[in-house]
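Take a look at the structure set out below.
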Amino acid sequence: MQKESKPDNLRIILLIGTALILLITQALGLFTDITTPVERLEYSIQDTFVRMRGAEEPSGEIVIVAIDDQSFNWTGLQWPWPRSYLAGIVDQINQGGGKVVGVDVFLFEPDESQPENDEALARSLGESPSSAAVMQILRSAGQGFETESRVLPLSMYRDVLDGIGITSVRRDEDAIVRSVSAYDSYQGEIYPHWAFEIARLYLNVEPPIFSAAGVRFNGQTAPLSSGLLPVYFAGPAGTYPTYSASDVHDGITLEQDPDAFRDKIVLIGATSITLQDIYPTPFSARNTTPGVEVVANTVDTILNGKYIAYAPPWMSLLIIVGAALLAFLITLSKRPSLTISLLALAALAYWGSAFLMFIQQRYILPVAAPEGMLFLGVVLPTLEQAVSQEREKRRVRNLFSRFISPEMVDQMIKTQDINSLNKRADLTIIFSDIRGFTTLSEKMTPEGVVALLNPYLEAMSQVIYKHGGTVDKYEGDAIIAFFGEPVPYKDHAARALRAALDMRTALAELKEKWANEGRPSQIEMGVGINSGEVFVGLLGSAQRINYTVIGDNANLAARLQDLTKTYAWPILVSESTYQQVRDEFDAELADAVTVKGKTKAVNVYRILGRKGAPEGERLRAWTQDQVTPKG
């Protein structure tokens, strides 16, 4: 019989299917309005890389003046603070030699309490070497229409400010800020993020030039992703030198460190949680970062060219295909431990490579999709193979449970390959038959025959299983069995003979039971046993299969069973069997007979019983009544 197996290309189909799903998922991520689960995983992995890299030394060119809780508690002022108070802060920064002052405070409306306060702040900003502030471009959509508006600082501020820009940050779908809007446009005019303005003023270079490819600034091209500039965060909140606004205003900061602001970018902004200008970042999903420090990280990214680049879509797709091919190569291993080791090694190697690319080149490779492809590409075919093997084991178990005991089936299944069961082997074959059953059955109803024969076959089969034998088939009342396969035993001949004697004991118990029930019980059983080489294996068609033996030695066992009628003896064995059991059983030569299919006479032995067995357990010749039962 040919091995029944799944198509060899099923593993390839699983790999291709997994790759296609991941490729489609990756392609869907190109649409800005669609966020796939893979993208969310990529976000988490990027954040993990950032935290694994750890905090870096921030740029010494940037400091923060914090509108913090200490300042609120010290001054007792309510927000918004008087512009004159902010003017005092700017004056201290100017006095300390600040190079660029960035005001992260909306200057869109006049100070209602005292208009002269705006004049004071404008004058202070005008006295700064360079100053920048924020603006907004607002959009709203209604039913069938969309409006946009531009909100700028008051004209008195615009007259003195050296730069203004948008301050939009981008929250990804998991609400974490990883990038800012590099620019925005209003009625055809482009406004950069004010971090670019601050960097431009500090470096004294030309304004940035934006294009579809990215932004050109200070001789470098910064890649953009859908108009967004990824921020290279130096660390969590508090990474940049920060001074409390009240300490700056009161001159305490300069008293303690006269060079605190010298030749630096000084950003004034809120850090108090009450003003709600705080955001989760890759370093601080729970411990949020103030918006002014997000700006500080953005300015640092621009000043030092720490631009983050993402692998282009074509490279991502190519890496996924490469992961699929690698997964296929790994699944070629037949050793589970090696497969797991190779999978773990490949996954760790790619993870490590992606991490090194990030920390050394600030280049972000896709990780979730390739690692998912690698994992699923190995696990799915492996699981499918395991399921197929379990299905095959169940098939084999169901098949062989009809012939041998369940315990032996479990041992045999360890071979896994059914084809290995087809072989030539040295076995011992038993043919058993009920003497006179044909005559007896003619006098019984069909129901009576079944009621008699089924318990008999069941009892005899259990005895054969007990001794490690395999039931080949039933032919009416005849049973054909063999010992030595599929589980090999060196003492297969002795096992067969022990089973034959125990079969007689089981028959005696059945006869006693039948006699008590008033059923026919005057029956006997003849057994022929031969040992020798035969073919053993699975024979049949796809619809019907049998585990059987074929060969002259099997035929000889059948002939010996027929001779039990001639010699009126329950158990006859051949010379080959006798030579293997003579140390355990008593036997005598019955005759040398030329049987059908043989040209030379074969020695036939009567089995008398086990050596040392009491006289009552030894075999005797049948009487005529025993072999010719009456109805």
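None of the figures in this text is laboratory data; all of them are computed from the coordinates on show. Remember, predicted model here, so these are calculated numbers, not experimental data. FYI the Cβ positions are ideal-geometry reconstructions off the backbone, even for glycines, and counts take in every protein chain you see.
Here Asp426, Asp159 are placed in order of increasing Cβ neighbour count within 10 Å, fewest first, which gives Asp159, Asp426. Distance between the pseudo-spin-label points of Ile252 and Arg582 (7 Å out from Cα toward the beta carbon): 11.4 nm.
Check each of the trypsin sites (Lys or Arg not before Pro) in region 489-593 and keep only those in coil by DSSP with at most 15 other C-beta atoms within 10 angstrom; list them in order. Write down the numbers at each step before the final one.
Working: sites: Lys490, Arg495, Arg498, Arg504, Lys511, Lys513, Arg544, Arg559, Lys565, Arg582; in loops: Lys490, Arg544, Arg582.
Qualifying residues, ordered by number: Lys490, Arg544, Arg582.
Where in region 184-208 does the label zone of Glu146 land, with the point 7 angstrom along Cα→C-beta and an amide N cut-off under 20 Å? The answer is 184-193. Mind checking the angle between helix 37-53 and the chain's longest principal axis? C-alpha axes, 0 to 90 degrees, to the nearest 10. Value to nearest ten degrees: 70.
Extension gain for the segment Lys473 to Thr594, taken as residue separation times 0.36 nm less the Cα-Cα distance, is 40.9 nm to one decimal. So which of Lys334/Lys423; Lys443/Lys511; Lys99/Lys306 end up more than 20 Å apart by C-alpha? Violating the 20 Å Cα-Cα cut-off are Lys334/Lys423; Lys99/Lys306.
Identify the residues of region 47-82 with backbone N under 13 Å of a label point that sits 7 angstrom from the Cα of Ile273 along the Cα-to-Cβ direction, or state none. So the set is 69. In this rough spin-label picture, where each label sits 7 Å from Cα along the Cβ direction, the Ser353-Glu109 distance is 5.7 nm.
Between the amide H of Glu524 and those of Arg435, distances stay under 5 Å, these residues lying 5 or more places away or on another chain, with hydrogens modeled in the peptide plane.
Take every DSSP beta bridge whose two residues both sit in region 527-618; close to 85 percent of them are antiparallel.
Projecting the Cα atoms of Phe49, Tyr307, Asn422 onto the charge dipole of the chain, computed from C-beta unit charges around the Cα centre, puts Asn422 farthest toward the positive end. At an R0 of 51 angstrom, the distance between the Cβ atoms of Glu512 and Ser420 translates into a FRET efficiency of 0.70. Between Phe106 and any residue 5 or more places off or on another chain, the built amide H atoms are never under 5 Å apart. Of the residues Val536, Ile523, Pro336, the one whose Cα sits farthest toward the positive end of the charge dipole of the chain, with +1 on the Cβ of Lys and Arg and -1 on the Cβ of Asp and Glu, is Ile523. When the chain is described by a simple charge dipole with +1 on each Lys and Arg Cβ and -1 on each Asp and Glu Cβ, the residue from Thr288, Ser244, Thr147 located farthest towards its positive end is Thr288. Once backbone amide H atoms are built at 1.01 Å from N, Trp622 has Trp569 as its partners under 5 Å, excluding neighbours fewer than 5 places away on the same chain. Spatial offset of region 578-628 relative to region 153-169 amounts to 117 Å, using the alpha carbon center of each. Packing, as the average of other Cβ atoms within 10 Å across residues, places the peptides 193-201, 163-171, 370-378 in the order 193-201, 370-378, 163-171, highest first. Maximal additional length on extending the Leu154-Asp259 stretch stands at 34.6 nm, based on 0.36 nm per residue less the C-alpha distance.
Computed 3J(HN,Hα) for region 508-515, one whole-Hz value per residue from the Karplus formula 6.51 cos²θ - 1.76 cosθ + 1.60 where θ = phi - 60°, is 4, 5, 5, 4, 5, 5, 5, 4, glycine and proline marked x.
Here the 3J(HN,Hα) profile of region 438-443, calculated from phi with Karplus coefficients 6.51, -1.76 and 1.60 at θ = phi - 60°, is 4, 4, 5, 5, 5, 9 Hz, Gly and Pro shown as x.
A Förster distance of 41 Å, applied to the separation of the beta-carbon atoms of Glu119 and Arg171, puts the FRET efficiency at 0.65. If R0 equals 45 Å, the separation of the Cβ atoms of Thr623 and Asn398 corresponds to a calculated FRET efficiency of about 0.55. Rounded to the nearest 20, the size of the Cβ-charge dipole of the chain about its Cα centre is 4880 debye, with Lys and Arg at +1 and Asp and Glu at -1. The order of the peptides 302-308, 466-472 by mean Cβ neighbours within 10 Å, most packed first, is 466-472, 302-308.
Cβ under 12 Å from Leu275's Cβ, Leu275 left aside: what net charge do those residues give with Lys, Arg +1 and Asp, Glu -1? It works out to a net charge of -4.
Under a straight-distance cross-link criterion of Cα-Cα below 17 Å, which aspartates and glutamates are reachable from Lys596, leaving out those fewer than 8 residues away in the same chain? Filter leaves Asp552, Asp562, Glu575. Rounded to the nearest 20, the size of the Cβ-charge dipole of region 493-536 about its Cα centre is 40 debye, with Lys and Arg at +1 and Asp and Glu at -1.
Calculated from the structure at hand, Cα extents along the principal axes in Å is found among (1) 99, 66, 45; (2) 84, 67, 45; (3) 138, 56, 47 as (3).
For Met525, Met156, the sequence from fewest to most other C-beta atoms within 10 Å is Met156, Met525.
One chain, two ends: Ser211 and Asp552. Fully extended at 0.36 nm per residue, the span grows by 113.8 nm beyond their Cα-Cα distance. When DSSP beta bridges are restricted to pairs lying wholly in the chain, around 70% turn out antiparallel.
With an 8 Å cut-off on Cα pairs and a minimum separation of 6 or more residues, tell me the relative contact order of the chain in percent.
For the chain, the relative contact order is 12 percent.
Our coupling estimate for region 68-85, obtained by passing each phi through the Karplus curve with A = 6.51, B = -1.76, C = 1.60 and θ = phi - 60°, is 10, 5, 4, 5, 4, 5, 6, 8, x, 6, 9, 7, x, 5, x, 4, 5, 5 Hz, Gly and Pro reported as x.
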